[in-house]
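Shown next, in structure tokens, is the structure this report addresses.
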Amino acid sequence: MRKLNKKLSLVLLLVFSIFLIGCGNKEKAEEVKEDPTLKIGLMPAVDTAPILIAEKNGYFKDAGINVEIEIYTNAQNRQSALQSNEIDGAMTDFIAVATNVNGGFDIKATTMTDGMFPILSNEGATEKKDVKVGVMEVSVTNYLIDKWLSEDYNIEKVFVTEIPARMAALKTNEIDMGIFPEPVASNGELQGLTKNIYGMDDEFSPQCMVFTGDSISKKPNTIKAFHEAYNKAVDEINKNPEIAKEILIEKIPNTNPEVKDIMTLPTYKKAALPSDEYLQSIIDWTEKTLNKDLNVKPADLLEGKFVE
């Protein structure tokens with residue numbers, strides 16, 4: 001009887017071992033199935049530096065992922081690429097995220113990014129009370145102009161989405177001022193425009209990286225590795241900010257190398273998300289500016305598992 005029980009125990013142990021091996025193989029198979037490639041759309045801005053450094057230093061490769069980067073000068077083209085699933089994620093802002101999610105587009109912000117947006121002006125423009133200012137309508141540029149200039153100026157906003165077109169409008173005096181991402185702003189300063197720096201000193205940033213719901217569902221480990229490589233690059237930049245300037249000059253099209261001495265960098269921070277209170281203030285501003293109610297809550301805009 002004891003021999004029978006012993007044989008039965010061995011059989012059960014063997015069956016259980018086969019089951020565990022099968023589960024392990026299944027998990028490995030599922031890991032293999034996840035596509036390790038991320039296609040992302042960036043803008044010509046200092047926010048991109050940690051991502052560009054992570055690519056240059058091989059941090060993505062070390063993490064076992066492949067990140068394909070395209071830099072857009074037109075936010076609408078970047079948005080179209082995101083909505084048509086040509087790219088998995090993009091650098092954008094919470095104003096755009098709120099309006100997109102309200103419109104039914106399944107995207108989530110996974111981390112803030114650190115931007116810098118100087119205001120360029122023509123000679124004498126800052127002395128005027130009534131000014132025409134070039135911005136993009138549904139974007140952080142519109143939000144920051146209200147935040148920084150609304151108390152001191154009567155502002156007529158001129159909506160120019162394409163960054164080169166906004167710069168051209170400023171240089172031909174069609175507008176008095178324009179807001180631009182750095183280092184594009186420093187390019188304008190080299191061409192004779194006045195660069196005015198306003199505070200980007202809030203605890204939270206209105207800029208962010210988003211990924212589509214489909215990508216978050218299908219590539220969670222890849223996106224997690226992306227954020228880990230991002231953090232590693234932030235550490236490197238904070239040790240030596242000059243590498244951020246060098247990579248921006250190298251990778252952002254039409255950037256004059258002379259901007260290195262006048263470029264203003266933000267303080268780069270590791271991947272994190274803002275508070276609900278901060279996001280609600282952005283939602284409130286967006287509703288007021290667009291004169292429409294948004295059926296979204298702060299939690300609807302975020303996916304926090306990659307920064308926890």
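Quick check on my filter: what residues within region 118-160 are under 18 Å from residue 174 (Cα atoms) and either in contact with a Cys (Cβ under 8 Å, 6 or more places away or on another chain) or among the basic types (Lys, Arg) (or both)?
If the condition is that a residue be under 18 Å from residue 174 (Cα atoms) and either in contact with a Cys (Cβ under 8 Å, 6 or more places away or on another chain) or among the basic types (Lys, Arg) (or both), then 128, 129, 132, 157 are the ones that fit.
Evaluate region 243-253: report whether one residue or more is under 19 Å from residue 66 (Cβ atoms) and in contact (Cβ under 8 Å) with a residue 60 or more places away in the chain. Give the steps one after another, and end with the answer.
Taking region 243-253 and keeping what is under 19 Å from residue 66 (Cβ atoms), we get 247, 251.
Then drop every residue that is not in contact (Cβ under 8 Å) with a residue 60 or more places away in the chain, which leaves 247, 251.
Looking through region 243-253, at least one residue is under 19 Å from residue 66 (Cβ atoms) and in contact (Cβ under 8 Å) with a residue 60 or more places away in the chain.
Results for (1) out of contact with any helix residue (DSSP H, G or I) (no Cβ under 6 Å at 6 or more places or on another chain); (2) in contact (Cβ under 8 Å) with a residue 40 or more places away in the chain, shown as yes or no for each residue.
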position: 43; (1), (2): yes, yes
position: 60; (1), (2): no, yes
position: 67; (1), (2): no, yes
position: 79; (1), (2): yes, no
position: 85; (1), (2): yes, yes
position: 99; (1), (2): yes, yes
position: 106; (1), (2): no, yes
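Go through (1) part of a helix (DSSP H, G or I); (2) farther than 16 Å from residue 112 by Cα; (3) open to solvent by 60 Å² or more (accessible area, probe 1.4 Å) one by one and return the number of the condition residue 292 breaks.
Among (1) part of a helix (DSSP H, G or I); (2) farther than 16 Å from residue 112 by Cα; (3) open to solvent by 60 Å² or more (accessible area, probe 1.4 Å), residue 292 violates only (1).
Need the failing condition index for residue 232 against (1) more than 24 Å from residue 108 (Cα to Cα); (2) surrounded by 16 or more Cβ atoms within 10 Å (Cβ to Cβ), just the number.
In the conditions (1) more than 24 Å from residue 108 (Cα to Cα); (2) surrounded by 16 or more Cβ atoms within 10 Å (Cβ to Cβ), residue 232 misses (1) alone.
Does residue 223 fit the bill of being under 23 Å from residue 84 (Cα atoms) and buried (at least 20 other Cβ atoms within 10 Å of the Cβ)?
Yes; evaluated as a whole, the condition is true for this residue.
Output the residues belonging to region 132-156 that are in contact with a helix residue (DSSP H, G or I) (Cβ under 7 Å, 6 or more places away or on another chain) and either in the same structural domain as residue 94 (by the TED database) or free of Cβ contacts under 8 Å to residues at least 60 places away in the same chain (or both).
133, 134, 135, 155
Quick test of your reading of the structure: residue 297 fulfils all but one of (1) touching a Ser or Thr at 6+ places or on another chain (Cβ under 6 Å); (2) open to solvent by 60 Å² or more (accessible area, probe 1.4 Å). Name the failing condition by number.
All conditions are met except number (1).
Given the condition assigned to a loop (DSSP other than H, G, I, E, B) and either over 16 Å from residue 205 (Cβ atoms) or without any contact (Cβ under 8 Å) to a residue 60 or more places away in the chain (or both), answer yes or no: does some residue in region 269-277 qualify?
Yes.
Could you tell me whether residue 89 is closer than 26 Å to residue 279 by Cβ and in contact with a Ser or Thr (Cβ under 9 Å, 6 or more places away or on another chain)?
yes
Modelled with pLDDT of 95 or more and either within 23 Å of residue 50 (Cα to Cα) or open to solvent by less than 10 Å² (accessible area, probe 1.4 Å) (or both): which single residue out of 99, 111 fits that description?
So the residue among 99, 111 that is modelled with pLDDT of 95 or more and either within 23 Å of residue 50 (Cα to Cα) or open to solvent by less than 10 Å² (accessible area, probe 1.4 Å) (or both) is 111.
Select from region 159-169 the residues that are out of contact with any helix residue (DSSP H, G or I) (no Cβ under 7 Å at 6 or more places or on another chain) and not aromatic (Phe, Trp, Tyr) and list them in ascending order.
162, 164, 165, 166, 168, 169
The values are calculated or read from the model by the stated rules, or taken from the named source; none is laboratory data. Computed from a prediction, not measured in an experiment: that's the story for all the values here. Here Cβ is always computed from backbone atoms with ideal geometry, including for glycine, and neighbour counts include all displayed protein chains. Each accessible area value is taken on the protein alone, full model and side chains, heavy atoms only, with ligands, DNA and RNA left out. Shrake-Rupley method; radii C 1.70, N 1.55, O 1.52, S 1.80 Å.
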